[in-house]
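The values are calculated or read from the model by the stated rules, or taken from the named source; none is laboratory data. What you see is a predicted model, and the numbers here were worked out from it, not measured in a lab. Quick reminder, even Gly has a Cβ in these numbers, built from the backbone with ideal geometry, and neighbours come from all protein chains shown. Please note that ligands, DNA and RNA were not included when accessible areas were found on the heavy atoms of the full protein model with its side chains. Shrake-Rupley method; radii C 1.70, N 1.55, O 1.52, S 1.80 Å.
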Amino acid sequence: MKIYNFSAGPACLPEPVLAAAAEASKQYMRTGMSLMEMSHRSTPVVELFEETTERIKSLLAIPSNYHVLWLQGGASTQFSMVPLNLLPEGSSADYIETGAWSIKAIAECNKVGRANVIGSSKDVTFSFIPKECEQNTRSPYLHITSNNTIYGTQFKVFPKIENKDGVLVADMSSDILSKPIDVTEFGLIYAGAQKNMGPAGVTLVIIRDDLVGKNYRVLPTMLNYETHVKKDSMFNTPPVFSVFVVNETLKWLEDLGGLEAMAVINERKAGKLYSEIERNPLFRSPVNAVDCSLMNVPFVFNKEGMDDGTFLQFCDKRGLNTLKGHRSVGGFRASIYNAMPEAGVDALISAMQDYEIV
Ligand code: PMP
């Protein structure tokens, strides 16, 4: 039976990518060695990093005044690195609070300086994206979470920065590479790889060059972006195998027609799933329709008391796995990242329709 993995992350990967990873774990480029055994100083690995960086620059149309970094510590480490590197001593930065991950980013900022929460949807279980928030015109940056993995909301339009010296910073962990973006709208973008880009273990950072080396405070070497810029992400032993899988995922995206083509597919997949949630009398969406995520689709039963686990078992028997909603929302969540085949979404829709008549 074909298994469709609707996990929010680590998430499913394209089959050709998994096949290439299996091969590289045995032998990399006829070297007689597994990629996992190879030095990050060896020519094939240095070339792999260069190739991966070039590929993402081309896919996302990253201008030449931005650096691409491949770091470790997950997106969670970026919650700290962003304020440590971009927030002057004794000042505050603006944050929009749209879910559990932005709460964590805010908490880390408050350890370094002060996070000024200019918009929040917390009191309605993060069911919408706050808009028209009043920015502090002296804030060095405004931090947003572009897609809220748990609550299933997504910024469709990014806020414009009111401070001419300020920048927009985005945690794009759960929607990076799902559609084209204009990188010039941002000073810094970060994303853990394990949803749309590859396996866990590597985090992409895209940072505008004037934001590197601000040196507002003495920083631990590993937490300074400048360290990694100067050493092309090879200051310490990098996660080579994870970067390889990212490169293969980027090749797969290129073959598919790039981000424009990916966006069309993502719109179609999410569109049909939301239509079914709306049509099916058993289910409803807990989020504001205009803000609904194309990547993580939460849905709940319309009537209380139906959520006894039988729908999940029903899906599991059909190979539709990991559909349980996050404990803070309940119900179900279908994560339909780039690598989720349209056939997986169709199979879920059929299961919802069949369950309706059980
Ligand atoms: N931000 C978002 C939007 C996420 O979805 C996640 C992980 N699910 C994180 C940050 C944390 O990422 P990591 O586990 O790589 O630290």
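Within the range 214-272, the only residue that satisfies the criterion of being open to solvent by 50 Å² or more (accessible area, probe 1.4 Å), among the hydroxyl-bearing types (Ser, Thr, Tyr) and free of Cβ contacts under 8 Å to residues at least 24 places away in the same chain is Thr221. Taken residue by residue, the range 124-137 has at least one member that is within 15 Å of the ligand (Cβ to nearest atom), surrounded by 18 or more Cβ atoms within 10 Å (Cβ to Cβ) and either of a type in the set (S, T, N, Q) or more than 24 Å from Lys214 (Cα to Cα) (or both). Residue count for the range 200-210 under the criterion of being within 11 Å of the ligand (Cβ to nearest atom) and out of contact with any Gly (no Cβ under 9 Å at 6 or more places or on another chain): the result is 0. Those residues that are within 16 Å of the ligand (Cβ to nearest atom) and under 16 Å from Pro238 (Cα atoms), I need them from the range 37-83; list them, please. Leu69, Trp70, Leu71, Gln72, Gly73, Gly74, Ala75, Thr77, listed by residue number. The condition of being in contact with a Cys (Cβ under 6 Å, 6 or more places away or on another chain), touching a residue at least 24 places away in the same chain (Cβ under 8 Å) and surrounded by 16 or more Cβ atoms within 10 Å (Cβ to Cβ) does not hold for Pro140.
Looking across the range 302-324 at every residue that is touching a helix residue (DSSP H, G or I) at 6+ places or on another chain (Cβ under 8 Å) and either outside any strand (DSSP E or B) or at pLDDT below 95 (or both), the one that is most open to solvent (accessible area, probe 1.4 Å) is identified as Arg318.
More than 12 Å from the ligand (Cβ to nearest atom) and not basic (Lys, Arg) - does that describe any residue in the range 146-155? Scanning the range 146-155, I find no residue that is more than 12 Å from the ligand (Cβ to nearest atom) and not basic (Lys, Arg), so the answer is no. Return only the number of the condition from (1) within 16 Å of the ligand (Cβ to nearest atom); (2) in contact with a helix residue (DSSP H, G or I) (Cβ under 8 Å, 6 or more places away or on another chain); (3) not acidic (Asp, Glu) that Thr221 does not satisfy. So Thr221 meets the others, but not (1). Considered as a group, the residues in the range 183-199 that are near the ligand (Cβ under 10 Å from one of its atoms) and touching a strand residue (DSSP E or B) at 6+ places or on another chain (Cβ under 8 Å) include one that is most open to solvent (accessible area, probe 1.4 Å), and that residue is Lys195.
Restricting Ser92, Ser102, Ser58 to those that are open to solvent by 20 Å² or more (accessible area, probe 1.4 Å) and either free of Cβ contacts under 8 Å to residues at least 24 places away in the same chain or among the polar types (S, T, N, Q) (or both) reduces the list to Ser58.
Is one or more of the residues making up the range 161-169 hydrophobic (A, V, I, L, M, F, W, C), modelled with pLDDT of 95 or more, within 13 Å of the ligand (Cβ to nearest atom) and over 26 Å from Lys251 (Cα atoms)? Yes, the range 161-169 has at least one match. The C-beta contact set for the range 180-192 (first residue over 21 Å from Trp70 (Cβ atoms), second residue among the aliphatic types (A, V, I, L, M) and assigned to a strand (DSSP E or B), distance under 7 angstrom, 6+ apart or interchain) comprises Glu185/Leu168. Contact map, the range 314-326: residues that are touching a residue at least 60 places away in the same chain (Cβ under 8 Å) paired with residues that are crowded, with 18+ Cβ neighbours inside 10 Å and basic (Lys, Arg), Cβ distance under 7 Å, separation 6+ or inter-chain. Pairs shown: Leu323/Arg333; His326/Arg333.
Scanning the range 150-182 for residues that are among the aromatic types (Phe, Trp, Tyr) and either under 17 Å from Ser7 (Cα atoms) or surrounded by 24 or more Cβ atoms within 10 Å (Cβ to Cβ) (or both) gives a single hit, Tyr151.
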